[in-house]
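What follows is a short report on a single structure.
The values are calculated or read from the model by the stated rules, or taken from the named source; none is laboratory data. Source: prediction; values computed, not measured. Virtual Cβ from ideal backbone geometry, glycine too; neighbours counted across all protein chains shown.
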């Protein structure tokens with residue numbers, strides 16, 4: 001039975017996650033879909049992550065272990081892509097969890113629509129709790145432009161590379177850009193450019209853990225400005241392709257600018273960046289507020305920007321995150 005199933009490579013980047021690693025890998029090994037290889041790539045961890053990886057690899061021959069000097073998530077995933085031998089690729093971050101049938105449901109979605117990618121929903125959960133995966137039989141098929149727009153509006157298709165199954169063939173010439181944050185955004189844009197259709201299901205297959213010291217919850221740093229540069233690149237790709245893509249990518253960059261504007265602490269070094277964000281938001285504010293596809297949280301944030309910036313930042317803190 002296993003031999004009849006195509007091999008699926010599950011790439012897990014590992015960096016100082018001794019608290020979460022074992023449960024993450026176990027959620028992969030316990031999948032209903034059994035013909036998998038699990039590629040653990042240790043990005044120079046300084047805790048007990050290496051020992052845990054080696055222990056797990058000793059117990060299950062489907063696990064391969066690699067290590068490298070610390071250089072970040074992009075490089076680590078790229079090593080995994082080079083080592084992968086499967087027909088399909090799945091990315092799982094080492095502090096997250098899969099639902100018991102995540103791989104099977106994603107694979108069936110690919111096969112149902114004869115597609116090179118399948119996307120399912122993400123279940124968000126906070127550290128110390130367990131994800132409550134919601135099942136669903138609802139799925140739909142998006143064309144390329146519809147998928148890109150949905151991704152840019154950050155609605156059903158998340159901006160994470162996780163929670164998606166990719167055929168290895170479409171990733172043969174695609175890699176994560178090194179040395180930046182929010183690298184998934186560019187990666188997914190590259191992927192969508194290579195496919196004609198994107199099946200999506202409301203089935204929750206991926207448990208995304210929110211923890212206090214993760215990249216997405218830490219305080220502002222200069223690297224957070226990467227999202228603005230990514231937005232500029234996506235503007236170059238989509239601004240003039242169609243009316244729908246233009247509206248979507250402008251809304252995407254307004255969201256990015258708002259994120260920076262509401263998290264940057266007022267450091268003089270970032271004055272020009274804040275000015276760019278403020279000017280871009282003002283330039284595209286009206287069209288965003290009129291855009292029925294823009295998220296309500298974004299519109300609320302734009303409306304309260306009339307208040308003094310310190311007050312806006314305080315409101316943002318009380319609401320945790322706009323996105």
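Of the residues making up the stretch 91-107, one or more are part of a helix (DSSP H, G or I), in contact with a strand residue (DSSP E or B) (Cβ under 8 Å, 6 or more places away or on another chain) and closer than 20 Å to residue 21 by Cα.
Quick grid of which residues meet (1) farther than 17 Å from residue 229 by Cα; (2) modelled with pLDDT of 95 or more; (3) in contact with a helix residue (DSSP H, G or I) (Cβ under 8 Å, 6 or more places away or on another chain):
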{"position": "245", "(1), (2), (3)": "yes, yes, yes"}
{"position": "251", "(1), (2), (3)": "no, yes, yes"}
{"position": "259", "(1), (2), (3)": "no, no, yes"}
{"position": "280", "(1), (2), (3)": "no, yes, yes"}
{"position": "283", "(1), (2), (3)": "yes, yes, no"}
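Just one of the listed residues (160, 169) is part of a helix (DSSP H, G or I) and closer than 26 Å to residue 140 by Cα, and it is 169. When residue 160 is tested against (1) surrounded by fewer than 20 Cβ atoms within 10 Å (Cβ to Cβ); (2) at pLDDT 95 or above; (3) over 13 Å from the mean Cα position of the chain (by Cα), exactly one condition is not met: (3). If the condition is being within 16 Å of residue 44 (Cα to Cα) and touching a helix residue (DSSP H, G or I) at 6+ places or on another chain (Cβ under 8 Å), then the stretch 66-89 contributes 66, 67, 68, 73, 74. Could you tell me whether residue 68 is more than 15 Å from residue 12 (Cβ to Cβ), surrounded by fewer than 17 Cβ atoms within 10 Å (Cβ to Cβ) and more than 21 Å from the chain's Cα centre (by Cα)? No; evaluated as a whole, the condition is false for this residue. Does any residue of the stretch 114-134 turn out to be assigned to a helix (DSSP H, G or I), closer than 14 Å to residue 208 by Cα and touching a residue at least 12 places away in the same chain (Cβ under 8 Å)? No, the stretch 114-134 has no match at all. Applying the set (1) at pLDDT below 95; (2) surrounded by fewer than 20 Cβ atoms within 10 Å (Cβ to Cβ); (3) over 19 Å from the mean Cα position of the chain (by Cα) to residue 264 leaves exactly one unmet item: (2).
Scan the stretch 182-205 for residues that are in contact (Cβ under 8 Å) with a residue 40 or more places away in the chain and over 11 Å from the mean Cα position of the chain (by Cα) and report the count.
So the count comes out to 16.
Working only within the stretch 172-185, note down all residues that are part of a helix (DSSP H, G or I) and in contact with a helix residue (DSSP H, G or I) (Cβ under 6 Å, 6 or more places away or on another chain). Of everything in the stretch 172-185, those that are part of a helix (DSSP H, G or I) and in contact with a helix residue (DSSP H, G or I) (Cβ under 6 Å, 6 or more places away or on another chain) turn out to be 183, 185. Can you name the residue in the stretch 1-18 that is under 24 Å from the mean Cα position of the chain (by Cα), touching a residue at least 40 places away in the same chain (Cβ under 8 Å) and outside any strand (DSSP E or B) and is also nearest to residue 127 (Cα to Cα) among such residues? The extreme case among them is 17. One residue stands out among those in the stretch 214-243 that are part of a loop (DSSP other than H, G, I, E, B) and over 20 Å from residue 294 (Cα atoms): the one that is modelled with the highest pLDDT, which is 221. The residues of the stretch 19-52 that are closer than 15 Å to residue 67 by Cα, part of a helix (DSSP H, G or I) and in contact with a strand residue (DSSP E or B) (Cβ under 6 Å, 6 or more places away or on another chain), listed by number, are 49, 50.
In a residue-by-residue description of the stretch 53-65, the property of being within 19 Å of residue 98 (Cα to Cα) and out of contact with any helix residue (DSSP H, G or I) (no Cβ under 9 Å at 6 or more places or on another chain) applies to at least one position. So if I check each of 249, 191, which one is within 24 Å of residue 140 (Cα to Cα), in a helix (DSSP H, G or I) and touching a strand residue (DSSP E or B) at 6+ places or on another chain (Cβ under 8 Å)? So the residue among 249, 191 that is within 24 Å of residue 140 (Cα to Cα), in a helix (DSSP H, G or I) and touching a strand residue (DSSP E or B) at 6+ places or on another chain (Cβ under 8 Å) is 191.
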